[in-house]
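Asks: Once you've had a glance at the structure underneath, I'll fire off some questions.
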Amino acid sequence: MSNGYYDFAQLAWSEVGVLTVKIDTPEDEKYYDMNINQGYRNIGRFYPDHLSILQNSWEYAGGHNGFAYMNQPIGMTYTVEARNVSDSPTQNYGYFTESLQAQVEVVGVDEDNQSLASRFYVGDEGTDVGWSSVTPISDRNAQYVYSTGNFEFYKLTEEDAPYASTPDGPFDVDNSNWGMEVTDSTVDQVNFDFNDNDNSFTVDTLNEKAMAFSDKPNFRYGRMVLDSVSSPIGGPVSVPLRTEYWDGESYVVNEDDSGSQFEASVYCAIDEDTAAANDTDYLTDTDGGTSTDQVEEGTSSIVQAGQEEGERATVRIFLRQGSDGSENFNNPLPEETCEWHKEDSIGQPWLQFNWRNKGDEDPSTVVSFGAYRGNDRIIFRGEDQLTAN
């Protein structure tokens, strides 16, 4: 005891909240034969020393090896934990009122540390558990958990109507950073531990720091391509198909893509010169054209073009990638005269591209029936004794 009070130098409490300290005397001790009332004081509020990202993950579409296309919804999860100075979870934090709990959000920056907030959508079809207050109490009460199935990184928009995009990126571990930041740290100023500079970065537009994810995403500007071909009248002729992405300098085959789908029977055809509807030329595939197929390492060789009525013609045939609605960066019809052979929606508008300066549209092939392309190295060939030497 010193100066009328007790000094407890070794007391420690690993939790958060308000601690009630009670003081009483032994039952046999009295003051002038009267009991001494118990005394107490509320100490605190104690709050977490720092936040820590326990885990995060990106759930790419099946067959997409470690990447997502821009405008493509994917799954994303993260867990943040409130911890004490000993780096252990503070299990009471979930019981704080919301106004006293730190609020966090996903943040992304480009290679110049400029915010990418306008380029992505965290998703509203997820499970935002927030700081949980489960019973019985456990480490889960110290955690902020979020999970969604429709995180999207947007393409750069060039035009709104009709929607047209322009390529940039890719955004990956080499030229972008992703993580979490505290948007409202409350009066307690709870934040991430930025002493670990290797796992933190600055968001210049906000002049604030963020804690980096351990798992960084890879977003690519993609498109599906059909080659244009020449064929004898009637066909069939093979139409090479591939998925590509912009690598920062040019379009390259996306060899990490073995999941993008197509169905050869979902097509529409128009006359290349007049844009009039064409009901006799078609797409099919080597499997009969009635089922959904997918690329293998970014390519496929099963699509074919043919004619029901053999005649010389130059026709543009679109292979559907989008859907019926005009929402979600989707242009449903490349031409007003275009009539889909089947009304099925493929639901991959992120593989549409602004091929003809008419807005992003489904991939198409221009097929010239009744025309061969000669050998570029042969200018003229004559039969023996019919031409002078």
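The values are calculated or read from the model by the stated rules, or taken from the named source; none is laboratory data. This is a predicted model, so every value here is computed, not measured. Glycine gets a Cβ as well: all are built from the backbone with ideal geometry, and neighbour counts include every protein chain shown.
Asks: Looking at segment 265-281, is at least one residue within 32 Å of the chain's Cα centre (by Cα), in a loop (DSSP other than H, G, I, E, B) and not assigned by TED's automatic domain parsing to the domain that holds Val173? Please lay out each step first, then the result.
Replies: Step one: of segment 265-281, the residues within 32 Å of the chain's Cα centre (by Cα) are 265-268.
Within this subset, residues satisfying the condition of being in a loop (DSSP other than H, G, I, E, B) are 265-266.
Within this subset, residues satisfying the condition of being not assigned by TED's automatic domain parsing to the domain that holds Val173 are 265-266.
Scanning segment 265-281, I find at least one residue that is within 32 Å of the chain's Cα centre (by Cα), in a loop (DSSP other than H, G, I, E, B) and not assigned by TED's automatic domain parsing to the domain that holds Val173, so the answer is yes.
Asks: A further question on this structure: Could we say that Thr183 is at pLDDT 85 or above and of a type outside the set (Gly, Ala, Ser) here?
Replies: Details: at pLDDT 85 or above: yes; of a type outside the set (Gly, Ala, Ser): yes.
The answer is yes for Thr183.
Asks: Could you tell me which of the residues Ser265, Ser258, Ser231 is among the hydroxyl-bearing types (Ser, Thr, Tyr) and at pLDDT 95 or above?
Replies: Answer to the selection: Ser258.
Asks: Would segment 30-48 turn up any residue that is loosely packed, with under 15 Cβ neighbours inside 10 Å, charged (D, E, K, R) and in contact with a Gly (Cβ under 7 Å, 6 or more places away or on another chain)? Please lay out each step first, then the result.
Replies: Filtering segment 30-48 for residues loosely packed, with under 15 Cβ neighbours inside 10 Å gives 30-45.
From what is left, the residues that are charged (D, E, K, R) are 30, 33, 41, 45.
Among the residues that remain, those that are also in contact with a Gly (Cβ under 7 Å, 6 or more places away or on another chain) are: 45.
Yes.
Asks: I've got another one for you. Name, by its number, the condition in (1) in contact (Cβ under 8 Å) with a residue 40 or more places away in the chain; (2) under 20 Å from Val104 (Cβ atoms); (3) touching a strand residue (DSSP E or B) at 6+ places or on another chain (Cβ under 6 Å) that does not hold for Phe194.
Replies: Against the list (1) in contact (Cβ under 8 Å) with a residue 40 or more places away in the chain; (2) under 20 Å from Val104 (Cβ atoms); (3) touching a strand residue (DSSP E or B) at 6+ places or on another chain (Cβ under 6 Å), Phe194 comes up short only on (1).
Asks: Another question, if that's okay. In segment 160-175, how many are outside any loop (DSSP other than H, G, I, E, B), surrounded by fewer than 20 Cβ atoms within 10 Å (Cβ to Cβ) and polar (S, T, N, Q)? Give the steps one after another, and end with the answer.
Replies: Looking only at segment 160-175, we keep the residues that are outside any loop (DSSP other than H, G, I, E, B), and these are 160, 163-166, 171.
With the extra rule that they be surrounded by fewer than 20 Cβ atoms within 10 Å (Cβ to Cβ), the set shrinks to 160, 166.
Of the ones still in play, those that are also polar (S, T, N, Q) are 166.
Selection size over segment 160-175: 1.
Asks: Any idea which of Asp287, Asp227 is touching a residue at least 24 places away in the same chain (Cβ under 8 Å) and either in contact with a strand residue (DSSP E or B) (Cβ under 7 Å, 6 or more places away or on another chain) or acidic (Asp, Glu) (or both)? Explain how you work it out, then say what you get.
Replies: Working: Asp287 fails: touching a residue at least 24 places away in the same chain (Cβ under 8 Å).
Result: Asp227 is the single residue among Asp287, Asp227 that is touching a residue at least 24 places away in the same chain (Cβ under 8 Å) and either in contact with a strand residue (DSSP E or B) (Cβ under 7 Å, 6 or more places away or on another chain) or acidic (Asp, Glu) (or both).
Asks: Oh, and also: Looking only at segment 236-245, how many residues end up being crowded, with 20+ Cβ neighbours inside 10 Å and out of contact with any Lys or Arg (no Cβ under 6 Å at 6 or more places or on another chain)? Show your work before the answer.
Replies: Of the residues in segment 236-245, the ones crowded, with 20+ Cβ neighbours inside 10 Å are 239, 241-245.
Imposing the further condition that a residue be out of contact with any Lys or Arg (no Cβ under 6 Å at 6 or more places or on another chain) reduces the set to 239, 241-243.
Final tally of qualifying residues: 4.
Asks: Given (1) free of Cβ contacts under 8 Å to residues at least 24 places away in the same chain; (2) in a strand (DSSP E or B); (3) farther than 30 Å from Ser86 by Cβ, where does Trp58 come up short, assuming only one miss?
Replies: The one condition Trp58 does not meet is (1).
Asks: Right, here's the next one. Taking the condition of being closer than 19 Å to Met180 by Cα and either among the charged types (D, E, K, R) or not in a strand (DSSP E or B) (or both), how many residues in segment 62-83 meet it? Steps first, please.
Replies: Going through segment 62-83, the residues closer than 19 Å to Met180 by Cα turn out to be 74-83.
Now restrict to residues that are either among the charged types (D, E, K, R) or not in a strand (DSSP E or B) (or both): 81, 83.
Of the residues in that region, 2 qualify.
Asks: Scanning segment 176-201 for residues that are surrounded by 13 or more Cβ atoms within 10 Å (Cβ to Cβ) and among the polar types (S, T, N, Q), which turns out farthest from Asp49 (Cα to Cα)? It would help to see each step written out before you state the result.
Replies: Taking segment 176-201 as the starting set, the residues that turn out to be surrounded by 13 or more Cβ atoms within 10 Å (Cβ to Cβ) are 176-182, 185-186, 188, 190-194, 199-201.
With among the polar types (S, T, N, Q) added as a condition, the list becomes 176-177, 185-186, 191, 199-200.
Values: Ser176: 29, Asn177: 25, Ser185: 12, Thr186: 13, Asn191: 8, Asn199: 18, Ser200: 17 Å.
In this case the residue turns out to be Ser176.
Asks: Then there is this: Tell me, which residue of segment 21-55 that is assigned to a loop (DSSP other than H, G, I, E, B) and under 50 Å from the mean Cα position of the chain (by Cα) is nearest to Arg140 (Cα to Cα)? Talk me through it step by step, then tell me what you get.
Replies: Step one: filter segment 21-55 for residues assigned to a loop (DSSP other than H, G, I, E, B), giving 24-30, 32-33, 35-38, 47-49.
When the remaining residues are screened for being under 50 Å from the mean Cα position of the chain (by Cα), the result is 47-49.
On the way: Tyr47: 17, Pro48: 15, Asp49: 17 Å.
Result: Pro48.
Asks: Moving on to the next point. Do the conditions hold for Trp355, that is, is it at pLDDT 90 or above, over 21 Å from Asp281 (Cβ atoms) and within 27 Å of the chain's Cα centre (by Cα)? Before the answer, list the steps.
Replies: On the way: at pLDDT 90 or above: yes; over 21 Å from Asp281 (Cβ atoms): no; within 27 Å of the chain's Cα centre (by Cα): yes.
In short, no.
Asks: Looking at segment 101-114 only, could you name the residues that are surrounded by fewer than 17 Cβ atoms within 10 Å (Cβ to Cβ) and either hydrophobic (A, V, I, L, M, F, W, C) or at negative phi (or both)? Write out each step before concluding.
Replies: Of the residues in segment 101-114, the ones surrounded by fewer than 17 Cβ atoms within 10 Å (Cβ to Cβ) are 103, 105, 110-114.
Hits for segment 101-114 are Gln103, Glu105, Asp110, Glu111, Asp112, Gln114.
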